[in-house]
Amino acid sequence: MLTVGLTGGIGAGKSEVSRLLVECGAVLIDADRIAREVVEPGTPGLAAVVQAFGQEILAEDGSLDRPRLGALVFGDPEKLATLNSIVHPLVGARSRELEEAAPEDAVVVHDIPLLTENGLAPFYDVVIVVDASTETQLDRLMRLRGMTEADAHARMAAQATRAQRRAIADIVIDNDVPLDALERRVKEVWAELIRRARGPRPE
């Protein structure tokens, strides 16, 4: 099994790269999706979040009101740390379960937005960083996600810098390109991952 940590700044196109890798044959473990699953209604995760932040972070149907919780923790490092201390261990445990369930010869791609920020690079055989220029990120966030320019800048500023992400990368996928060029690059990367999976492991 080859474990791959995939990350990239908001708007860089990491989700598109993960989709293409799955098409190539990768087993995808999506940290964001798991983070949603571990706080679904009826889970111990949601109960712990409610205990920490109160009933007001619940929607009328009993699910987590994500915008309300986000407004509560964004910009408050102490509250954000509290939330992370609840959610991150649950996500880690579920990710390990999924990885252990994958075939022995699989290339397992962990899609982790905050891989750089949380110092997780050493836990993977290969780290792939999807990179795009600041201008491209801004354009995608405003055009595709409907963010204001100020909101887009704030979200980008809350993450690691491009230089910090590239510094931990074994492989960089530049995504200031049309989709067909991105598809070709991902196929090249997949061939490299297969080569590494079958070859001698690095010391």
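Considering only the stretch 146-159, how many residues are over 17 Å from the mean Cα position of the chain (by Cα) and loosely packed, with under 13 Cβ neighbours inside 10 Å?
Of all residues in the stretch 146-159, those over 17 Å from the mean Cα position of the chain (by Cα) come to 146-154.
Filter again for loosely packed, with under 13 Cβ neighbours inside 10 Å, leaving 146, 148-150.
The total comes to 4.
Out of VAL27, VAL39, VAL108, I need the residue that is under 29 Å from ARG166 (Cβ atoms) and out of contact with any Asp or Glu (no Cβ under 7 Å at 6 or more places or on another chain). Which one?
VAL27
Consider ALA169 carefully, then state whether it is small (Gly, Ala, Ser) and assigned to a helix (DSSP H, G or I).
The answer is no for ALA169.
Restricting attention to the stretch 63-78, which residues are surrounded by 12 or more Cβ atoms within 10 Å (Cβ to Cβ) and closer than 17 Å to ALA35 by Cα?
SER63, LEU64, ASP65, ARG66, ARG68, LEU69, GLY70, VAL73, PHE74
Give the residues of the stretch 80-97 that are among the basic types (Lys, Arg) and touching a residue at least 12 places away in the same chain (Cβ under 8 Å), sorted by residue number.
Selection gives ARG94 alone.
Looking at the stretch 45-60, which of its residues are open to solvent by 80 Å² or more (accessible area, probe 1.4 Å) and either under 22 Å from the mean Cα position of the chain (by Cα) or modelled with pLDDT under 95 (or both)?
Within the stretch 45-60, GLN55, GLU56, GLU60 qualify.
Looking only at the stretch 98-119, filter to residues that are of a type in the set (Asp, Glu) and in contact (Cβ under 8 Å) with a residue 24 or more places away in the chain; which one of those is nearest to VAL186 (Cα to Cα)?
Taking the stretch 98-119 first, the residues of a type in the set (Asp, Glu) are 99-100, 104-105, 111, 117.
Still in the running and in contact (Cβ under 8 Å) with a residue 24 or more places away in the chain: 99, 104-105, 111, 117.
Numbers: GLU99: 22, GLU104: 22, ASP105: 20, ASP111: 15, GLU117: 24 Å.
By that ranking, first place goes to ASP111.
So which residues in the stretch 160-181 are in contact with a Gly (Cβ under 7 Å, 6 or more places away or on another chain) and open to solvent by less than 70 Å² (accessible area, probe 1.4 Å)?
Within the stretch 160-181, ARG165, ASN175 meet the criteria.
Given the criterion over 30 Å from VAL39 (Cα atoms) and touching a helix residue (DSSP H, G or I) at 6+ places or on another chain (Cβ under 6 Å), identify the matching residue among VAL177, VAL186.
VAL186
Could you say which residue among GLU16, GLU99, GLU104 is more than 30 Å from ASP176 (Cα to Cα) and not in a loop (DSSP other than H, G, I, E, B)? Lay out the reasoning, then the answer.
On the way: GLU16 fails: more than 30 Å from ASP176 (Cα to Cα); GLU104 fails: not in a loop (DSSP other than H, G, I, E, B).
Sole residue among the options that is more than 30 Å from ASP176 (Cα to Cα) and not in a loop (DSSP other than H, G, I, E, B): GLU99.
The values are calculated or read from the model by the stated rules, or taken from the named source; none is laboratory data. Owing to the predicted nature of the structure, the values given are computational and were not obtained by experimental measurement. Ideal geometry is used to build each Cβ from the backbone, glycine not excepted, and the neighbour counts take in all protein chains shown. These accessible areas exclude ligands, DNA and RNA; they are computed on the full protein's heavy atoms, side chains included. Shrake-Rupley method; radii C 1.70, N 1.55, O 1.52, S 1.80 Å.
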